[in-house]
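Structure first, commentary second.
The values are calculated or read from the model by the stated rules, or taken from the named source; none is laboratory data. All of these numbers come straight from a predicted model, not from anything done at the bench. Every residue, glycine as well, gets a Cβ built from its backbone with ideal geometry; the counts of neighbours run over all protein chains shown.
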Amino acid sequence: TLAQDASSPPVTPVDGEVALYTSVTQDTIDAVLAALSDVHPDLHVEVFRAPTGELDARIATEQRIGGVGADVLWLTDPLSVQRYQADGLLAPLAAEVAAAVPEGFRGDTFVGTRLLDLVLVAGEDVSPQPVSWADLADPAYAGRAAIPDPGFAGSALAALGYLATADGYGMDFYQSLKDNGTVVVASPVDVLTGVAEGNYDIGITLDKLARDAIEKGSPIELVWPEPGAIAVFSPAAVVASSDDLAAAQALQAFLVSPEGQAAIASTGWQPVREDVAWPATGPVVSPDWSALYGNQQRLLEEYDAIFGG
Amino acid sequence: MTERPTVTTLAPAVSVRGAVVNYGDAAVIRGVDLEVARGETVALLGPSGSGKTTLLYAIAGFLPLVDGEILLDGRLASSSTSSTAPEQRPLAMVFQHYGLWPHLDAIDTVAYPLRRAGRTRSAARAEAAELLDQLHIGHLAARRPAELSGGEQQRVGLARALARHPSVYLLDEPTAHLDTVLKTGLQTELAARMHADGAAAIHATHDVDEALAVADRVVLLRDGGVVQVDKPRDVYARPVDEWAAGLTGPAAFIVGSVEAAGADGADGPGRYLVRPDWVRFGGSLPATVEDVRYRGTHTDYRLSTTLGPLVLREPGPARFRVGEQTDCRVERVWRMPTSR
Amino acid sequence: MTERPTVTTLAPAVSVRGAVVNYGDAAVIRGVDLEVARGETVALLGPSGSGKTTLLYAIAGFLPLVDGEILLDGRLASSSTSSTAPEQRPLAMVFQHYGLWPHLDAIDTVAYPLRRAGRTRSAARAEAAELLDQLHIGHLAARRPAELSGGEQQRVGLARALARHPSVYLLDEPTAHLDTVLKTGLQTELAARMHADGAAAIHATHDVDEALAVADRVVLLRDGGVVQVDKPRDVYARPVDEWAAGLTGPAAFIVGSVEAAGADGADGPGRYLVRPDWVRFGGSLPATVEDVRYRGTHTDYRLSTTLGPLVLREPGPARFRVGEQTDCRVERVWRMPTSR
Amino acid sequence: MADRDVLAWTRRLLPPAALAVAAGLLVVVPLTVLARTALEQGLDVLLDAVGAASPAILASVWTSLAASALALLIGTGVAVLTERTDVPGRRGLRLAMLLAFIVPGYVAAMGWLSAYGPGGFLDDTLGLAAPALLGPLGVVVVMGVEASPIVYLIVVAGLATRAEPDLERAARASGAGPTETFRTITLPLLRPVIAGAGAIAFVLSVTSFGVPAVLGIPAGFSTMTTSIYRDLAFSSDPGSFASGVGLAVVLAVGAALLIVLTDRLMERRRTERSGAFSGPSGHIGTAPRGSVEHADGGSPRRWRALAAGTVAWLLVTLVVILPLLGLLVTALARAPGLAPLPSNWTLDNFREVLNAHTWEALANSVVLATGAAIGVIVLAGLAVLARRGHGAGLTGGLLGLTFALPGSTLAVAVLLAYGAALRDTLAIILIAYLAKFWALGYRPLAAGLDAIPADSYRAARMSGAGAWVTARTITLPLLRPMIVAGGLIVFMFGIHEVTMSSLLYGPGSSTLAVVVLNLQQYGDNGLTAALALILAVIVAVASLPLLGRTGVLGRVGWRR
Ligand SMILES: Nc1ncnc2c1ncn2[C@@H]1O[C@H](COP(=O)(O)OP(=O)(O)OP(=O)(O)O)[C@@H](O)[C@H]1O
Ligand SMILES: Nc1ncnc2c1ncn2[C@@H]1O[C@H](COP(=O)(O)OP(=O)(O)OP(=O)(O)O)[C@@H](O)[C@H]1O
Ligand SMILES: [Mg+2]
Ligand SMILES: [Mg+2]
């Protein structure tokens, strides 16, 4: 389904100053910017990085004092970006940028750049090892399964968004998790740490985190669950009021260019482009992001009704 | 003995007119009038709790007047509606509890008012050192209050007041912790200043001897009101009532006619004050010694006579014993005013 | 006049032996010996800075001994290596600066030692109220120190010490801010207690009159050392050296032979002390009046005579003026010891 | 003459004017802007939000009350031990208290987890774990421990300004033993100071986010701050921003009211010193410190000191040292879940943390923290001096407001007010710090005033000093221990402040905490732990000179 081949024509270097507001991890930003200077030596990027909550607050505040200071937004998950789109904050996506990524990983004004894959992790000597998401509710793991808090981590909300509507799951699934004594922790990191330390047998975490830990010797196993890892794409968008739209669009385009995608992949996150080298992992599934947007509050309330947040 | 420079054409250094001061709702100073001329020392004599400190604080501008006014050097300083800032009044004060600053050593404390007056640091410290020397605590210049004895602290407080060269000194029991030698030295220094600068002083004390020794005039204070204003000898010899008599020295009272005793001041029947030094041994009045108290320089005898009980004071050690019979004479009496 | 109950078989209430106390490296008390019998009041008389407070603190256990020892009721309380906790000593103390607790009102302050002694709250407060009444501050029971006058604060401090009913009272200038009436009242109360409980007292003061009036014995302190220990009349009449003579009262010295003057105590050539009350007007010694000071109950005259300058004290107001010629006689002298 | 008058007037009016301007800029303007934002959606929406959040509010209030009680207990207890007794190892105790201070809340919570949590190193080595750490109990304990160094510093300073040895001697001479003297005299005299410290501990706990996030959420226990975060972070509702702000303002107003209330209570119970500063200095009722153990007599006293020291050390080991060790283990571990064995350890985390980025951020943080400390002390000094006049309660309340605002909300306020001109500069972060930490300096200073007898001011006025000269030459020097304590506290907070700077920083103005945070999200607890430890070592080394025999603040006190 991908239109481009890996050897796209050389891009003409763009120069200018771009302010990037982002919530992606620092090492990814560093790697991408390093690669960027090879392609656009005179494109200077100033980074403001903050956790999702703070970034949201800053943007909301700046909207109230005469304009967002960013030229490009690069966020972790495709939720708040839809609000900015609704506010008319974002410039429409350029055709070639849109064309670079698969349909499910973009919107009208934003484009996915990388995938956070939610997977299962299990202790090395846990048996039986889980195979599907449904195993979280398996009585074998009663009281020994951990999930991240959807009210706290965007990726966890994505899992909720997918599982709440997926066939054979739904809110009843969460009820059965609750009944099985599943523990809610703050973030995927906490899940990983907890499983690695043997506090829990299995849990939901991020693919990259699990791989890193395994590589360094953590006593855990990564399980690619059926029907697939739940993928959360990190959107990049251009702010319509940017002083230097050309530069901003160049940065956005770079993020989905083969070079940019390779840089992202080098930091351990799955690129959205399928033509960039990435170890064979497994299938991914996605929640319906546009359906999820606008329903978060209701979903969280339903979730809270079960887990008593 | 009073050595007042002739400054009569000038306004009085302090005049307090009908001053009323409250703590909360309770009036502690109730309409005090007081005038202090330049070069004059007025003793404010009153028992504990009579309002001496309160009155000095009002004069210094620390407490507001509810009524009345206070003028300093002829200018209005406090009234019930206005008040000059304390630092703008031509005053220096010795505080009953010294008011020393724990973080400043003796010399910096004394240099403080000099610095405020614009002196350079070294000039201020030089003058401060001199003042400390004068009060015999030059060697303690580098000590902070916590490292000084009570009397030494009091002297630092005194030196600080002296350093200000004001036109009025407010002295709140300034010698309570000083021995006789230091007391005398201080009194001499203050007298010299009064003389040289025409400065005035209000000297609050509960000690009669001190009041009589230092003052040109004595103001008797009782429950925040003035009972009597007089020269020292008159305060002692001619008190306006029994309370004043008791405050200013040992007092015995006899009722009736004392003409027969042939004493100075006898004037028909009435109530008479007899001071112990107005009674002498030898004479026509038979007396029984009831009690003998040796007090160093003098001995006090309590005698019972036909006129009533008397006290007799005599220099030197005891000459009689309890129970002995002897004679005495009353040389002088003071007929107590009947009304007030 | 001393009224010591016969308790001689018992150990002295306080005995201090060769006590040395330092502040930092400086010795402030340098080998003091002192014994106080039960029922006895000893006055600690010394000028400002002589170490009175320091000695009392050492006895109370607030300061460590560098050398020597202190026994209370015969039991070792302080030595250079050990020390009984202050609260376990049978003492009560009146602090020179009262040591009142800013957060407690008068009655709770006085009730404090009673509570510590195990009294119930209401019993303690009732007894405290009585003590306050006795010191005429019953109506101030609910006031905190900041709302009391100096003398009132001092009385609260006194009442607190009285409340403890100890076997030894340490009194550090306890009457510095009290008027005569209160002073006398306090002395009476203390005397009664000494009598009733066999309690002893060490009364630090710089005031000669007070020392002579209250004490059974007087200890003269100078620069942290004991200069003389004697009965009041002997401290006054038979000082061991000039410094002691000066501290205990007005003193004039004449050198040579005073036999001719016919005074008591004359004994060949030497240096003689003459107290002002040992000189009288009338006699064979021509005198010129150099200065006259009226001091209420008495008048002091400075005279110049062929024997040298003398001071004469006489009850009553001044009889002579400066410059007048008159005669006087020296009735008594004290030949100063030659060494020391 | 006229010139001198003008000069005098300017000098007299300048300080109050400066105070008014500062209060306007730092407190009134940001709060006004916030209030407007909060009411964007109308009052009804706001009230609904408050209603919905009320369980969380309740949870916040009770955990914070409990945490501040705990902080008061620990802080006061250790302060008394290190400053008023001869327990062995006092220096070490002081250092430990400072260390507890420098580790930011969320990192500390992590340290606790890796020490005591299930699977923590105590679990691994000794089989000891405290599952209750996850949940309200853990939140209370860790927040309490987090706040205790502040209480400690303030109480130590309080003890230094309130050194009136005769008062304690008088108690001993009345028959009270050392403990009873402490309970009946020393402690009540410190009441204003302790109350001030308690107010600070309470507000810190109410606004704490890291600790409840790490320890509360896994147990399904949410507080005000975590639920505001939830509302703000994952809402598609454009009004949620406004209602989040509204909730924060409500929280702040509540806390400020509480503060004003305690102020009122304290005002009535003022225990102003009267009379002379009395009594020779030295250790109360005993030998001067440093001399032979004296006046309390030989061995019982020594045993008591030893026992107290042991208890204190045990406590400090439990609440400071073991969590720090937990952090160390986390920082050294190659990967989570490995046994705490040297073969599984690596210094990679430390190496990675110490990059050029970190140093730049550290420099920024030091500049900001220093600026904030100095600025806060100046402002707090002004406010305290003005307090002697009118509007005492008002000042305390106002400053309490900005202090009690959660950091993110205050940052939003400052950005709203000054962002147009100052965004991305260090200056805007400094403004936020000043607004937030003003109360941290003000509280201890205000509490310290009580220990100064009124005659001290009067004596200065009588010496010719005007009100502000008196302030400069007498009042402030007498408050020196409090000033140092307040400055130190603000500095430490400035060093590890996260929320405000992460919202306000721009190119070139990132702070150390921002770097930590950037490492942490999705990242690596190991890196965070390593950075926190490096910070702790820096602080420990820098504070060594403060730990001498005279104590952290003893040497700045006016008693020698
Ligand atoms: N903390 C201290 N450090 C150093 N020296 C001190 C300290 N306290 C007192 N001194 C000195 O010790 C000496 C004795 O002091 P102490 O207070 O015992 O005197 P005092 O006889 O009570 O005097 P006063 O009548 O003035 O109260 C004084 O010279 C004083 O300066
Ligand atoms: N802050 C206060 N609040 C209420 N009453 C007070 C306050 N300060 C003093 N008083 C009362 O006012 C009266 C006068 O006090 P003041 O201090 O003027 O007495 P004083 O004559 O100086 O006495 P002393 O010789 O004992 O120092 C006293 O009865 C005292 O109790
Ligand atoms: Mg007074
Ligand atoms: Mg003394």
Reported set for segment A:121-169 where residues are among the hydrophobic types (A, V, I, L, M, F, W, C), buried (at least 23 other Cβ atoms within 10 Å of the Cβ) and closer than 18 Å to A:A186 by Cβ is A:V121, A:L136, A:A145, A:A146, A:I147, A:F152, A:A153, A:A156, A:L157, A:A158, A:L160
Based on what the data block shows, is C:A263 surrounded by 22 or more Cβ atoms within 10 Å (Cβ to Cβ), of a type in the set (A, V, I, L, M, F, W, C) and more than 10 Å from chain B (Cβ to nearest Cβ)? no
Could you identify the single residue in A:V32, A:V119, A:V111, A:V39 that is under 15 Å from the mean Cα position of the chain (by Cα), closer than 16 Å to A:R273 by Cβ, more than 9 Å from every other protein chain (Cβ to nearest Cβ) and at pLDDT 90 or above? A:V111
Given B:G118, B:G99, which one is of a type in the set (G, A, S) and farther than 30 Å from C:E147 by Cβ? B:G118
Looking at (1) part of a strand (DSSP E or B); (2) within 14 Å of chain B (Cβ to nearest Cβ); (3) farther than 22 Å from C:E189 by Cα, can you tell me which one C:V94 breaks? (3)
List, please: which pairs have Cβ atoms under 8 Å, are six or more places apart or on different chains, and start with a residue in segment A:200-228 that is more than 11 Å from chain D (Cβ to nearest Cβ) and end with one that is surrounded by 17 or more Cβ atoms within 10 Å (Cβ to Cβ) and of a type in the set (S, T, Y)? A:D201/A:Y141; A:I202/A:Y141
Taking segment D:118-145 and keeping residues of a type in the set (A, V, I, L, M), without any contact (Cβ under 8 Å) to a residue 40 or more places away in the chain and in a helix (DSSP H, G or I) leaves D:L126, D:A132, D:L137
Taking the condition touching a strand residue (DSSP E or B) at 6+ places or on another chain (Cβ under 8 Å) and surrounded by 20 or more Cβ atoms within 10 Å (Cβ to Cβ), does B:A252 pass? yes
Odd one out for C:S167 among (1) within 14 Å of ligand 2 (Cβ to nearest atom); (2) touching a residue at least 40 places away in the same chain (Cβ under 8 Å): (1)
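Given the structure, is C:L63 within 14 Å of chain B (Cβ to nearest Cβ), buried (at least 24 other Cβ atoms within 10 Å of the Cβ), over 18 Å from the mean Cα position of the chain (by Cα) and away from ligand 4 (no atom under 16 Å from the Cβ)? Spell out how you get there, then give the answer.
On the way: within 14 Å of chain B (Cβ to nearest Cβ): yes; buried (at least 24 other Cβ atoms within 10 Å of the Cβ): yes; over 18 Å from the mean Cα position of the chain (by Cα): yes; away from ligand 4 (no atom under 16 Å from the Cβ): no.
In short, no.
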Return only the number of the condition from (1) modelled with pLDDT of 90 or more; (2) more than 14 Å from ligand 1 (Cβ to nearest atom); (3) surrounded by 19 or more Cβ atoms within 10 Å (Cβ to Cβ) that B:E130 does not satisfy. (3)
Which members of segment B:140-186 meet the condition of being hydrophobic (A, V, I, L, M, F, W, C) and more than 20 Å from the chain's Cα centre (by Cα)? B:L140, B:A141, B:A142, B:A146, B:L148, B:V156, B:A163
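Take the residues in segment C:148-159 that are under 16 Å from D:D455 (Cα atoms) and facing another protein chain (nearest Cβ under 7 Å), then tell me which one is farthest from ligand 3 (Cβ to nearest atom). Before you say what the answer is, go through the steps one by one.
Initially, segment C:148-159 is screened for residues under 16 Å from D:D455 (Cα atoms), giving C:148-150, C:153.
Now drop any that are not facing another protein chain (nearest Cβ under 7 Å), which leaves C:149-150, C:153.
Numbers: C:S149: 5, C:G150: 4, C:Q153: 9 Å.
Among those residues, the one meeting the criterion is C:Q153.
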Could you say whether any residue in segment A:56-68 is closer than 27 Å to A:V276 by Cβ and outside any loop (DSSP other than H, G, I, E, B)? no
Of all residues in segment A:267-285, how many are within 13 Å of the chain's Cα centre (by Cα), buried (at least 20 other Cβ atoms within 10 Å of the Cβ) and assigned to a loop (DSSP other than H, G, I, E, B)? 2
Name, by its number, the condition in (1) at the interface with another protein chain (Cβ under 8 Å from one of its Cβ atoms); (2) free of Cβ contacts under 8 Å to residues at least 40 places away in the same chain that does not hold for C:S79. (1)
Looking at segment C:195-211, can you tell me whether even one residue there is within 13 Å of ligand 2 (Cβ to nearest atom) and either touching a His at 6+ places or on another chain (Cβ under 6 Å) or of a type in the set (D, E, K, R) (or both)? no
Residues being closer than 22 Å to C:G268 by Cα and at the interface with chain B (Cβ under 9 Å from one of its Cβ atoms): count how many of those fall in segment C:292-340. 2
Residue check, B:H103 against (1) within 16 Å of ligand 3 (Cβ to nearest atom); (2) assigned to a loop (DSSP other than H, G, I, E, B), all met but one. Which one? (1)
D:M482 at pLDDT 80 or above, in a helix (DSSP H, G or I) and closer than 30 Å to A:T25 by Cα: no
Among the residues listed as A:A240, A:A250, the single one being crowded, with 22+ Cβ neighbours inside 10 Å, farther than 30 Å from A:D172 by Cα and in contact with a strand residue (DSSP E or B) (Cβ under 7 Å, 6 or more places away or on another chain): A:A250
Working only within segment D:93-120, note down all residues that are more than 18 Å from D:I495 (Cβ to Cβ), modelled with pLDDT under 80, surrounded by fewer than 24 Cβ atoms within 10 Å (Cβ to Cβ) and out of contact with any Pro (no Cβ under 7 Å at 6 or more places or on another chain). D:G119
If I ask for residues that are more than 13 Å from ligand 4 (Cβ to nearest atom), within 14 Å of another protein chain (Cβ to nearest Cβ) and closer than 18 Å to C:L220 by Cβ, which ones from segment C:22-57 would you list? C:A43
Picking from B:V289, B:V274, B:V255, B:V240, the residue that is of a type in the set (V, I, T), closer than 18 Å to B:A318 by Cα and more than 9 Å from chain C (Cβ to nearest Cβ) would be B:V289
Given the criteria away from chain C (no Cβ under 14 Å), out of contact with any Ser or Thr (no Cβ under 8 Å at 6 or more places or on another chain) and either at pLDDT 90 or above or within 16 Å of ligand 2 (Cβ to nearest atom) (or both), does B:L140 qualify? no
Matching entry among C:G68, C:G118 (being away from ligand 4 (no atom under 16 Å from the Cβ), assigned to a loop (DSSP other than H, G, I, E, B), more than 12 Å from chain B (Cβ to nearest Cβ) and surrounded by fewer than 22 Cβ atoms within 10 Å (Cβ to Cβ)): C:G118
Only one of these is assigned to a helix (DSSP H, G or I), within 15 Å of ligand 1 (Cβ to nearest atom), of a type in the set (D, E) and touching a residue at least 24 places away in the same chain (Cβ under 8 Å): C:E210, C:E189. Name it. C:E210
Could you check how many residues of segment B:73-102 are buried (at least 21 other Cβ atoms within 10 Å of the Cβ) and at negative phi? 14
Any residue in segment B:156-168 that is in a loop (DSSP other than H, G, I, E, B), at negative phi, near ligand 1 (Cβ under 10 Å from one of its atoms) and touching a Gly at 6+ places or on another chain (Cβ under 8 Å)? no
